[in-house]
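Visitor: Supplied in structure tokens, the structure appears directly below.
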Amino acid sequence: MPAVRRNRATEAIWSLHKRVYRASGGRLFGSIAGMRVLVLTTIGRRSGAERSTALMHFRDDGRYIVIASNAGSRGIPPGG
């Protein structure tokens with residue numbers, strides 16, 4: 001069971017978070033639970049569509065550690 005249930009409300013909150021973060025240059029919503037946030041944007045190889053996701057990160061001994069947890073999910077279910 002994921003830590004956060006994905007539904008319209010959480011998707012809307014996550015979308016708002018990314019928009020506010022970008023509009024403020026990272027000054028607003030730049031950290032969650034004391035951890036810094038980055039917005040990673042990729043471009044689909046075939047579609048050319050941009051996709052963005054907010055990820056938490058921290059520095060450890062000069063390295064960046066990025067956390068991509070899918071809202072606490074244990075992973076992709078079989079056949080998913």
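Visitor: For the stretch 25-46, name all the residues that are exposed (fewer than 10 other Cβ atoms within 10 Å of the Cβ) and either under 19 Å from S15 (Cβ atoms) or in contact (Cβ under 8 Å) with a residue 40 or more places away in the chain (or both).
Guide: G25, R27, I43, G44
Visitor: Considering only the stretch 65-75, I want to know if a residue exists there that is touching a Pro at 6+ places or on another chain (Cβ under 6 Å), aliphatic (A, V, I, L, M) and modelled with pLDDT under 90.
Guide: yes
Visitor: If you scan the stretch 7-29, which residues turn out to be touching a Phe, Trp or Tyr at 6+ places or on another chain (Cβ under 8 Å) and farther than 15 Å from S52 by Cα?
Guide: Across the stretch 7-29, the qualifying residues are L28, F29.
The values are calculated or read from the model by the stated rules, or taken from the named source; none is laboratory data. This is a predicted model, so every value here is computed, not measured. Every residue, glycine among them, receives a Cβ derived from its backbone with ideal geometry; neighbour counts consider all protein chains shown.
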